[in-house]
Structure formats: C-alpha cells, structure tokens
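The values are calculated or read from the model by the stated rules, or taken from the named source; none is laboratory data. Note that the structure is a prediction, hence the values are computed from the model and not measured. Glycine gets a Cβ as well: all are built from the backbone with ideal geometry, and neighbour counts include every protein chain shown.
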Amino acid sequence: MHDVFSHGFSNTPRNNTPVLIWTRAAADLPADKTFLNALPVDVLHIPCIGIEPLARPTGLAELSGQNLKKVRPRIAFSSQNAVKICASWKETDPEAFSALTGCTGIFAHGRKTADLAEKLFAQPVYCVDSPTSEGLAAALIRDANSESIPVLWFCGEEVAFDLAAQLEMNRVTCKRIPIYRTATHPTDVDGCRLSAEALAELKSKLVMRLAGSKAAICFASPSAVAGWLELAGKEAGLAPKFFLAAVIGPTTARAAAQAGFSSITSCAWPQLADLADLGAQLARAANSR
C-alpha cells in the first residue's frame, strides 16, 4: 500500500514510484480512500471539481405542505452528493427535509449512496447496484407502475443520464429536482476554490513531484477534465500530452480527447474502484518500460 496525498505531498519523487492523479471532489475523498489506499501506486489527490449547493433549487418549495404528504412519492438518488445536500436541509430548510421523511420509499444508485441515504433517513433504502443509471430507471419503472406512484429525483444541475426522461417514456411521473452544481475548477482539501497564489504553488509542487515519473490521471466526469485544464493553464509540464488518461466512460473520453489527451483508456466497467484500478495499471505499465 502506498500513500494518498492531498496537496501536502512531497516535492520530490519517491524512487520513481508510479503516480496516479485522482481528480474527484474533496468531499468524495473519505469514501474514495476505501479503494485508493489499496493501490500499488502513490495517489496524488488533486480535486479538480467542487460541489456547490444551489441556493434555492427549482421545485424545492413544492416539497412542503399537505400536497406532498397526500401524494407520498418515491425518492430517487443517483449520487452521493445529492444525499449530502439533502442532509444539509436539516438545518437550512427543516420543513422541506421533514416532508421528505414522509415519502413512501427511497431508491439509490450504488451501495455507498444507499448507505448514506439509510443513515440520513433512518429507514431501508432500495439499492440498485448496477453499473449505470439505466438500472435505477428500470427498478423505478417496475416499482412505480405497479401503484402509479410518482418519483422525485434529486440530482445535479447537469447529468449524464436523464432519469426523468426515461421514466416519463415509460409512463412514470417523475419530477427532476436539481439541488447542486458541479463547479469545474481546482479546489483545496476543504472544497474551496484555490486562490491564484495557492494554485501557482500547487502547480510548482506538482511539477517537481512528477519529475522522472509517467503519471496517469483518472477522470470520472467531463467536469473534472475541464477543472484539470484550468489547473494546468500554460504550465508546460502539466500539458495533457504528458499524461495517460483513465476515464470512466465515453462522454468523459470525448472530453479528454477534445482537451488534448492522446493516450485515453476507458473503463470496461464504469465504477469508481475500477477507474482507480485502471489508472494504477496504466501508471505502473508506463513506469516499467
């Protein structure tokens, strides 16, 4: 096992140890460490995106009052970030959060998302453990059609898969409620945007740390690719051509290609742990030549 460094990494190479750069948001690192810690490479956590709650999400006002209690819809979460934002409503919007606890069932895509939701709502959550959100859609279609129950989908402002459209095509009423946006810029370990001075210092340390190593970068979204480009700027040593890109799927692969990465490998199975394994394999192979 090697180390996972978050901005405070050593300035010098560690005996040419293969390096993997992990670009997911700072808020995701505690969960991600469950598989990052086991990788046979050094992981540099350089968060290139931030998760920002929407000030007053469209549709949130409708989640209070007698109407919601009467309808008692299903709730769907397709990401951990959506559950975390809902958790913040306990203090910022207790009426809306209280209304959610009266819904008839909660569905989540992925075991970690389901675990967070179960802890938050203190009730069983139906976990759809499929590689894509299409599996979540299929489960909701089977369930909701049996009783004509509508679905509330809490998600980000931009999504790779439109769950609401898929449900509506199958005669399941679904209201999409965006509650956060993904900000495409590098952040610190607390999720705050880096100042110009902090960004310059990070780039200098990163160039020194990568000296003598061929690094792989893992991208779990097009937003992370955009965030990396902002971080790299005009720094020659951080140009895409010097890195191996491991991407989670075709949409992110296209973003990486447009960004100038020439070596791009997609996961056979679009899961975060598989993305990390792929990046580690690429880094080790490149440094063994």
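Quick notes on this one:
- Answer residue from region 113-129, given it is part of a helix (DSSP H, G or I) and surrounded by 17 or more Cβ atoms within 10 Å (Cβ to Cβ) and is farthest from the chain's Cα centre (by Cα) among those: PHE121
- In region 2-35, of all residues being at pLDDT below 60 and at positive phi, the one that is surrounded by the most Cβ atoms within 10 Å (Cβ to Cβ) corresponds to HIS7.
- Residues that are surrounded by 13 or more Cβ atoms within 10 Å (Cβ to Cβ) and without any contact (Cβ under 8 Å) to a residue 40 or more places away in the chain, drawn from region 188-199: LEU194, ALA198, LEU199
- Considering ALA268, ALA245, ALA211, the condition of being closer than 19 Å to LEU44 by Cα and at pLDDT below 95 is satisfied by ALA211 alone.
- Restricting attention to region 221-247, the residues that are touching a Leu at 6+ places or on another chain (Cβ under 6 Å) and closer than 13 Å to ILE49 by Cβ total 0.
- Qualifying residue in region 235-244 (condition: within 21 Å of PRO30 (Cα to Cα) and not basic (Lys, Arg)): no
- Conditions (1) under 24 Å from the mean Cα position of the chain (by Cα); (2) surrounded by fewer than 19 Cβ atoms within 10 Å (Cβ to Cβ): number failed by ARG142: (1)
- Filter result (basic (Lys, Arg) and within 17 Å of ALA226 (Cα to Cα)) within region 236-285: LYS241, ARG254
- If the condition is being touching a Lys or Arg at 6+ places or on another chain (Cβ under 9 Å) and assigned to a helix (DSSP H, G or I), then region 99-112 contributes only ALA99.
- Residues being in contact with a strand residue (DSSP E or B) (Cβ under 6 Å, 6 or more places away or on another chain) and modelled with pLDDT of 90 or more - total across region 128-150: 5
- Against the test of being assigned to a helix (DSSP H, G or I), surrounded by 19 or more Cβ atoms within 10 Å (Cβ to Cβ), in contact with a helix residue (DSSP H, G or I) (Cβ under 8 Å, 6 or more places away or on another chain) and of a type outside the set (Ser, Thr, Tyr), the options ALA273, ALA280, ALA255, ALA245 yield a single qualifying residue, ALA255.
- Scanning region 204-244 for residues being farther than 19 Å from PRO18 by Cβ and touching a residue at least 24 places away in the same chain (Cβ under 8 Å) gives a total of 14.
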